[in-house]
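Here's the structure, in structure tokens; my notes come after.
Each reported figure results from applying straightforward, stated rules to the coordinates on display, with no laboratory input. What you see is a predicted model; the values in this text were computed from it and never measured. Cβ atoms come from the backbone with ideal geometry, glycine included; neighbour counts cover every protein chain shown.
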Number of protein chains: 2
Amino acid sequence: LERHFEGHLEKLKMRLLRMGGLAEQAVHLSMKALVEADGTLAERVVQEEDAINQMQMEIDESVVRVLALHQLMAVDLRFVLAVSRINADLERIGDQAVNIAESVLRIAKYPQVKPYIDLPRMSQIAEDMVRDSLNALVSGDQELARSVLQRDDTVDALRDQILRELLTYMMGNATVVIPSFQLISIAQNLERVADHATNIAEDVIYVVAGQDVRHGALDRS
Amino acid sequence: LERHFEGHLEKLKMRLLRMGGLAEQAVHLSMKALVEADGTLAERVVQEEDAINQMQMEIDESVVRVLALHQLMAVDLRFVLAVSRINADLERIGDQAVNIAESVLRIAKYPQVKPYIDLPRMSQIAEDMVRDSLNALVSGDQELARSVLQRDDTVDALRDQILRELLTYMMGNATVVIPSFQLISIAQNLERVADHATNIAEDVIYVVAGQDVRHGALDRS
């Protein structure tokens with residue numbers, strides 16, 4: 001039975017990684033659609049949300065099955081509960097990718113406000129955070145999870161910088177207000193992707209350390 | 001044993017309601033601090049975050065205990081898993097209240113940009129959504145949960161209206177840019193409170209209906 005459970009857990013981890021891959025790719029493609037002004041790609045991101053939602057439900061059902069089939073010890077229960085919460089975070093990352101894709105479609109008819117440099121940089125960091133937080137879960141690597149928490153500050157700083165810059169553009173030129181505003185939305189969507197990765201990393205540290213470091217015990221300043 | 005489990009579940013529900021009460025009150029007080037320009041109250045909201053974080057950890061541990069002590073059926077497992085996810089949403093609502101309180105402290109030194117009418121209205125709706133989503137969980141009231149989903153659109157519309165209005169102010173008067181920007185942040189924090197309430201309501205419908213209506217099966221348009 002013990003071995004049986006290990007097999008179920010392994011499968012659950014693999015599925016969560018696949019779900020993470022889909023969510024991360026959705027963010028990546030939505031930003032590619034922005035940079036290349038590719039409306040078709042943006043529409044593809046919107047359509048592919050269904051696959052992520054479908055996978056979320058499958059993982060939730062797997063979690064219920066694992067708990068129904070096995071009487072787990074506290075350490076394994078914490079892991080499975082974390083999978084359930086992380087699953088929800090990944091689905092919401094997919095939602096943010098859809099929001100970005102919708103912004104891309106909305107600004108398609110305006111000339112480009114400015115070269116896109118900081119937004120793709122911000123996205124790259126956020127995508128790496130998502131991937132690393134999941135790798136930290138699967139490999140039980142607390143240090144990797146902690147590095148995700150640290151990067152959240154970089155993302156917040158980039159968002160503030162992008163906002164200040166775009167507001168300056170808007171003050172100087174009323175015709176760029178609408179597309180600038182969409183770019184601000186995208187920066188905020190990316191910040192939320194990084195927030196979800198941070199939530200995942202906190203759950204990983206909680207599970208790996210077997211203690212709750214989500215509040216207080218960890219110096220994030 | 002069955003009865004024993006019912007008792008544990010009852011306690012878990014009560015704790016989650018208390019946690020929800022704390023989160024909702026934090027949002028309420030942060031907005032009261034805004035309207036009354038009360039920095040002391042804003043600081044209190046920041047300090048009281050600890051209590052919410054503490055309660056989140058206690059509820060998580062209760063969830064682990066319930067699962068460790070009882071071999072639950074699928075329907076009860078889904079409920080307990082939903083409690084774990086909802087607990088995380090409530091903690092993040094507390095985070096948003098802290099963000100609002102910090103914005104209040106930041107704009108304290110600027111004259112008021114405009115009368116606060118839409119922001120408190122937006123907050124009232126978001127707070128009601130949080131309370132109703134939890135009441136829907138405890139009473140198993142699907143209709144109430146669905147009404148929470150519907151109100152999310154009202155909140156999004158209010159946020160868009162507030163943003164447009166503040167951007168107009170900013171275009172006309174460069175001296176109000178900084179406080180206006182903080183008010184935009186607050187509108188976005190409130191939108192996220194409503195998003196968390198929506199997540200909770202979706203979990204409630206999933207649990208109550210015993211089927212996954214989080215994606216597709218429910219018409220939210």
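Could you work out [θ]222 nm for chain A from helices alone, using -39500 (n - 2.57) per DSSP H run of at least four and dividing by all its residues? Round to the nearest 500 deg cm²/dmol.
Here the helix-only value at 222 nm equals -29500 deg cm²/dmol.
Compactness ratio of segment B:12-151: Cα Rg over 2.2 N^0.38 Å, N = residue count?
Numbers: Rg = 17.1 Å, N = 140, 2.2 N^0.38 = 14.4 Å.
Relative to the rule-of-thumb radius for its length, segment B:12-151 sits at 1.19.
Can you sort B:Thr175, B:Thr154 so the residue with the fewest Cβ neighbours within 10 Å comes first? Kindly include the intermediate steps, with their values, before the conclusion.
Details: B:Thr175 11, B:Thr154 15.
Placing the least packed residue first, the sequence is B:Thr175, B:Thr154.
With loop defined by DSSP as not H, G, I, E or B, and exposure as at most 14 other Cβ atoms within 10 Å, which is the longest segment of chain A clear of exposed trypsin sites (Lys or Arg not before Pro)?
Numbers: sites that count: A:Lys109, A:Arg220.
Longest gap between qualifying sites, sites excluded: A:110-219.
Using a Förster radius of 35 Å, what is the FRET efficiency between A:Ala209 and B:Arg106 based on their Cβ-Cβ separation? Nearest 0.05, please.
0.55
Taking each label point as 7 Å beyond Cα in the direction of the beta carbon, state the distances from A:Leu69 to the same residue in the other copies, shortest first, in nm.
When each copy's label point is compared with this one, the spacings are 2.7 nm.
Below 8 Å, C-alpha to C-alpha, sequence gap of six or more: please give me the relative contact order for chain B in percent.
Working: 262 pairs, mean separation 57.7, N = 221.
Taking the mean separation of contacting Cα pairs over the length of chain B, I get 26 percent.
Under a point spin-label approximation (7 Å from Cα along Cα-to-Cβ), what is the A:Glu10-B:Arg65 distance to one decimal in nm?
Simple spin-label model gives 3.5 nm for this pair.
Work the Kirkwood hydrodynamic radius out for segment A:1-86: mean of 1/r over every pair of different alpha-carbon atoms, inverted, in Å.
Details: mean 1/r = 0.0690 Å⁻¹.
14.5 Å is the Kirkwood radius here.
What nm value, rounded to one decimal, do you get for the distance between A:Thr168 and A:Lys114 when each label is placed 7 Å out toward the C-beta?
With each label point 7 Å from Cα toward Cβ, the separation is 0.7 nm.
For segment A:1-118, with only Lys/Arg (+1) and Asp/Glu (-1) charged at the beta-carbon, what is the dipole magnitude about the Cα centre, in debye rounded to 20?
Dipole of segment A:1-118, to the nearest 20 debye: 160 debye.
Of B:Gln54, B:Leu29, B:Met19, which is farthest towards the positive pole of segment B:19-60's charge dipole, taken about the Cα centre with +1 and -1 on the beta-carbons of Lys, Arg and Asp, Glu respectively?
B:Leu29
On average over all directions, what projected area in square nanometres does segment A:71-221 have, based on the convex hull of its Cα atoms? Mind dumping the intermediate values first?
On the way: hull surface 38.8 nm².
Averaged projected area of segment A:71-221's Cα convex hull equals 9.7 nm².
Could you check which residue among B:Asn135, B:Asn173, B:Asn99 shows the biggest mean-square fluctuation in a GNM of chain B with a 10 Å Cα cutoff?
Result for chain B, Cα springs under 10 Å: B:Asn173 fluctuates most.
On a C-alpha basis, how far is the centre of segment B:101-179 from the centre of segment B:26-69 in Å? Whole number, if you could?
Each part reduced to its Cα centre gives a spacing of 19 Å.
Could you list A:His28, A:His196 so that the one with the fewest beta carbons within 10 Å of its beta carbon is first and the one with the most is last? If you can, show how the numbers build up before the last one.
Numbers: A:His28 18, A:His196 24.
Ascending number of Cβ neighbours within 10 Å: A:His28, A:His196.
Just to be sure I understand: if I project the alpha-carbon convex hull of segment B:36-88 onto a plane and average over all orientations, what area do I get in nm²?
Reported value for the Cα convex hull: 4.6 nm².
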